[in-house]
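Accompanying notes for the structure given below.
The values are calculated or read from the model by the stated rules, or taken from the named source; none is laboratory data. Since we're looking at a predicted model, the values are computed, not measured. As a convention, Cβ positions derive from the backbone with ideal geometry for all residues, glycine included, and neighbour counts pool all protein chains shown.
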Amino acid sequence: MTHSGFDSPDGDRTPAAFPSPLARPGLTPPAPISAPAVTPQPVPAAPPARSGRSAPIWIGGILVLLLIALVGYFLTFIGTGASLLGAILALIPLAGVLFAIRLIDRWEPEPRGLVIFAIAWGAIASVAIALLVDLLLSVVFGDPNTYAAEVFGTVVQAPIVEEVAKGLGVLIIFATAKRAFDGPVDGIVYGALIGAGFAFTENIQYFAISWIEGGAGQATTTFFVRGIMSPFAHVMFTSVTGFALGLAARRGASTGQAIGPWLLGLSGAILLHAFWNGSAVFTDFFSTYLLLQVPLFILFIIGILALRREESRLTRVRLGEYAAAGWFTSQEVDMLATPAGRRTGLNWAKTLQGDKTPIMKGFIVDATQLAMARQRAVTGRDPNAAADERELLAKTAAARAALLSG
């Protein structure tokens, strides 16, 4: 028989005083709660979640399914041991590339979710698309074992298919995460992350097959060529696509308006990729590497430094507008927007009581993001820019007060 309540020790029925039958009865009177010495201030409500800083969740679900299929492919056709060895070796150049990207993105870091998405898109979706296209073409046209077919696959097919697959990831971020895609540097970062992810998975395959076919000697040679000499190859290719979309973002372009720049950047990435692959097919790779690829990489680094300099100039201009309104002093703008000023600010924060370096780092990051929010508001690309502006102004004001107190 069912009933509500529970039996007391002496057998009397006592009405239920708990929200569910699983609630635990109190066996002793509860301890009193003392009143606070000072009336606490009300905690402000957390701002409502706003879209524009993450890719849709359903894309993550698709990536998980593709990851399962990709793992099955590696285990079936390459084997567990070789795949595991390839993955361990592939982690080494990936770590170096991610460290370099982090240096580029230090003071305006992209949302962690988007960083993970970009790497996952490159490592999973882009590779899966490339494999599916290869499979489809082999089914439709057969698998001719000729030199011409090999050259076409290496110099034409691979650059087009792989760069389109990777470029789709950059376009998805541009379309769905407008509030985290402010300009060329952001575009390069997202493109570089996707390229790094793609190279990681591709390296697993190359290193594993080298180990199977030639043992430690061949695997070492392959690791030297791909992991030491050219870990930034795919990073450079896809960064060209990201750079083009970053320029479109800086000019306030919508997703539709950005298709043209995306195709233009994609064309540059494909040509660069084809040139890289062609140097291994038609010429002596090492000579071409020293005479052309190394200077090309140096130009790539110089271009990034120039873009960082332009980002610093823009940050200084936008923060100067807040300084004119009284939010910062001109000296603080110099400190927040320039590399030398940031170093000076961090060194000064170390001398403060309790070492306030973490507060200073947060102050610089928030101020940089504030400048970018202002830029989005100026271009009209982001309807949530004003809300971001208010939130970041409050955070920078609090950090400034914490640095100057005590």
TODO: Write out, first by first residue and then by second, each pair whose Cβ atoms fall under 7 Å of each other, whose residues are 6+ apart or on separate chains, and whose first residue, in the stretch 246-261, is within 19 Å of Ala385 (Cβ to Cβ) while the second is at pLDDT 90 or above and exposed (fewer than 14 other Cβ atoms within 10 Å of the Cβ).
DONE: Ala248/Gln257
Task: One residue from Thr241, Thr222 being closer than 23 Å to Glu150 by Cα, of a type in the set (Ser, Thr, Tyr) and in a helix (DSSP H, G or I) - done: Thr222
TODO: Of all residues in the stretch 157-167, count the ones that are among the aliphatic types (A, V, I, L, M) and more than 13 Å from Leu132 (Cβ to Cβ).
DONE: 2
- [ ] Would you please list the contacts, defined by Cβ atoms under 6 Å and residues six or more apart or on different chains, that run from a residue in the stretch 140-163 that is free of Cβ contacts under 8 Å to residues at least 60 places away in the same chain to a residue that is aliphatic (A, V, I, L, M) and outside any loop (DSSP other than H, G, I, E, B)?
- [x] Val161/Ala130; Val161/Val133
Task: Some residue of the stretch 246-255 being more than 18 Å from Lys166 (Cα to Cα) and exposed (fewer than 14 other Cβ atoms within 10 Å of the Cβ) - done: yes
Open item on the list: Please go through (1) touching a helix residue (DSSP H, G or I) at 6+ places or on another chain (Cβ under 6 Å); (2) not assigned by TED's automatic domain parsing to the domain that holds Arg374 for Leu305 and return the number of the only condition it doesn't satisfy.
Closed with: (1)
TODO: Tell me, please, whether a residue that is outside any helix (DSSP H, G or I) and crowded, with 19+ Cβ neighbours inside 10 Å can be found in the stretch 268-291.
DONE: no
Open item on the list: I'd like the residue in the stretch 355-387 that is free of Cβ contacts under 8 Å to residues at least 24 places away in the same chain and assigned to a loop (DSSP other than H, G, I, E, B) and, out of all such residues, is farthest from Gly246 (Cα to Cα).
Closed with: Asp355
Task: Residue list for the stretch 237-282, filter: out of contact with any Gly (no Cβ under 8 Å at 6 or more places or on another chain) and aromatic (Phe, Trp, Tyr) - done: Phe275, Trp276, Phe282
